[in-house]
1. With the structure loaded, tell me whether Gln339 is part of a helix (DSSP H, G or I), surrounded by fewer than 23 Cβ atoms within 10 Å (Cβ to Cβ) and free of Cβ contacts under 8 Å to residues at least 12 places away in the same chain or whether it fails that test.
2. Which residues, counting only those in the range 53-93, are among the aliphatic types (A, V, I, L, M), open to solvent by 30 Å² or more (accessible area, probe 1.4 Å) and modelled with pLDDT under 90?
3. Can you find a residue in the range 327-335 that is open to solvent by 10 Å² or more (accessible area, probe 1.4 Å), outside any helix (DSSP H, G or I) and under 24 Å from Val188 (Cβ atoms)?
4. In the list Leu241, Leu196, Leu209, which residue meets the criterion of being farther than 23 Å from Val279 by Cα and touching a Pro at 6+ places or on another chain (Cβ under 9 Å)?
5. Could you give every pair whose Cβ atoms fall below 6 Å, whose first residue belongs to the range 208-231 and is surrounded by fewer than 22 Cβ atoms within 10 Å (Cβ to Cβ), and whose second residue is of a type in the set (Ser, Thr, Tyr), counting only separations of at least 6 or pairs across chains?
6. Look at Met295 and say whether it is within 15 Å of Gly258 (Cα to Cα) and either under 20 Å from the mean Cα position of the chain (by Cα) or aromatic (Phe, Trp, Tyr) (or both).
7. On the basis of being farther than 19 Å from His170 by Cα and not in a loop (DSSP other than H, G, I, E, B), does Gln363 make the cut?
8. Select from the range 314-326 the residues that are part of a loop (DSSP other than H, G, I, E, B) and under 15 Å from Ala303 (Cβ atoms) and list them in ascending order.
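The values are calculated or read from the model by the stated rules, or taken from the named source; none is laboratory data. Since we're looking at a predicted model, the values are computed, not measured. We place every Cβ from the backbone using ideal geometry, glycine too, and count neighbours over all the protein chains shown. With ligands, DNA and RNA removed, areas are computed over all heavy atoms of the protein, side chains included. Shrake-Rupley method; radii C 1.70, N 1.55, O 1.52, S 1.80 Å.
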Amino acid sequence: MIGLTLGGIILLLIIITVAFVNLSPQFGKSPSEEQQKAFAATGHFKDGKFENLIPTTLDLGFSKGVSVTFDMLFRKGPDREPGAPLPLKKIEPAVVANRAPDIARLTWFGHSACLLEIDGKKILFDPMLGQYAGPIPGLSPKRYNEELPIEIDALPFIDAIVISHDHYDHLDHGSILKLKEKTGRFYVPLGVAAHLISWGVKPENITELDWWQEAQHDGFTFICAPARHFSGRGFSRNVTLWSSWIVKTASQQLYFSGDSGYGPHFKEIGEKYGPMDFVMMECGQYNELWKSIHMMPEETVQATLDVKGKMLLPIHWGAFTLALHSWHDPAIRVTAAAQAVNLPVATPIIGEQIMLDYKNVPQSKWWMRESTVHGRQSTAVRVK
């Protein structure tokens, strides 16, 4: 009798979970079967799933998987999260609304979200601007800062949004809902359009590309390039593509890595499209167990050299705890590795603008003032 009751409870929980995932809009939609059949022509979509250019395993095994999950949920190291909100520079809406064509600047919002203002246009990369890096508030990692440099509602018209892949910490349902009516175009890798369309983005405003494909718009060239990662929302895995991006303007060429493990694709990108005037490269949420899909900081520097980058902005850190390292470990390690090879690194606080004339680039080691020691709160001060 107890066994039947327990079995009934488990079955009910499974039914509720399946219904929640299938009916909740934040999980998005998978590409249709017809679309997936067309993906087979890419050469890297097999048996209903996209593949990396080189063998990449994501299987930790049962024991390691359980151990990592336990550590993520219950191991509270002294520096896995900052003890107080991180320094933040607020941006006046009028400053962002300035569309002067001679202004070229980039603003880091924390994690991988970046706003590029160049040649009179505004481009948002992976605008995950929500409070939770997951579909369920309270059960998902929470943003360190409750504030953003500028709130979504205060942003002016955005000429283009560039999405690297469909993971929750890069493609945020709530952010897209607020941005869709004030955005000209969306550039996404194959399959991701299905999510956007299900959230009310007009199909004619979406450009979906495969690796090495290009699209031109208003004097800009958007190039979808390979990454070494994976994708998935809800129960789906790898039915949408993951990518990095190159953006060519009349004056500069920039690279955005999305999420990626280290691999030969970086050198190929550099050979095909380098040099890059400015590089936004993943550096954070890493572990030796999953380095095939998330680079270690030293590999971030090497990847920047591979794509022939002239200056590095480390991204994918400073907003959420999604791994076991301390929150500031990415900055400590990547700046040390870059210094060893004389690679310039921009290290802005959240919201601090980087002028792309490369004069007075922010390079302070601000995170050294914001660390915690055995749970002691940091001395973080909000910068206005």
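1. Details: part of a helix (DSSP H, G or I): yes; surrounded by fewer than 23 Cβ atoms within 10 Å (Cβ to Cβ): yes; free of Cβ contacts under 8 Å to residues at least 12 places away in the same chain: yes.
In short, yes.
2. So the first thing to find is which residues in the range 53-93 are among the aliphatic types (A, V, I, L, M), and the list is 53-54, 58, 60, 66, 68, 72-73, 84, 86, 88, 91.
Those left that are additionally open to solvent by 30 Å² or more (accessible area, probe 1.4 Å): 53-54, 58, 60, 66, 72-73.
Answer for the range 53-93, where residues must be among the aliphatic types (A, V, I, L, M), open to solvent by 30 Å² or more (accessible area, probe 1.4 Å) and modelled with pLDDT under 90: Leu58, Leu60, Val66, Met72, Leu73.
3. Within the range 327-335, the subset open to solvent by 10 Å² or more (accessible area, probe 1.4 Å) is 328-329, 332-333, 335.
In the following step, the residues that additionally are outside any helix (DSSP H, G or I) were identified as 328.
Imposing the further condition that a residue be under 24 Å from Val188 (Cβ atoms) reduces the set to none.
Scanning the range 327-335, I find no residue that is open to solvent by 10 Å² or more (accessible area, probe 1.4 Å), outside any helix (DSSP H, G or I) and under 24 Å from Val188 (Cβ atoms), so the answer is no.
4. On the way: Leu241 fails: farther than 23 Å from Val279 by Cα; Leu209 fails: farther than 23 Å from Val279 by Cα.
One residue alone meets the criteria, Leu196.
5. Between residues of the range 208-231 that are surrounded by fewer than 22 Cβ atoms within 10 Å (Cβ to Cβ) and residues that are of a type in the set (Ser, Thr, Tyr), the close pairs are Asp210/Thr42; Glu214/Thr221; Ala215/Thr207; Phe220/Thr249; Phe222/Tyr187.
6. On the way: within 15 Å of Gly258 (Cα to Cα): yes; either under 20 Å from the mean Cα position of the chain (by Cα) or aromatic (Phe, Trp, Tyr) (or both): yes.
When the stated conditions are applied, Met295 passes them.
7. On the way: farther than 19 Å from His170 by Cα: yes; not in a loop (DSSP other than H, G, I, E, B): no.
So Gln363 does not fit the description; no.
8. Our first condition is that a residue be part of a loop (DSSP other than H, G, I, E, B); within the range 314-326, this holds for 316, 318-326.
His316 - this is the single residue of the range 314-326 that is part of a loop (DSSP other than H, G, I, E, B) and under 15 Å from Ala303 (Cβ atoms).
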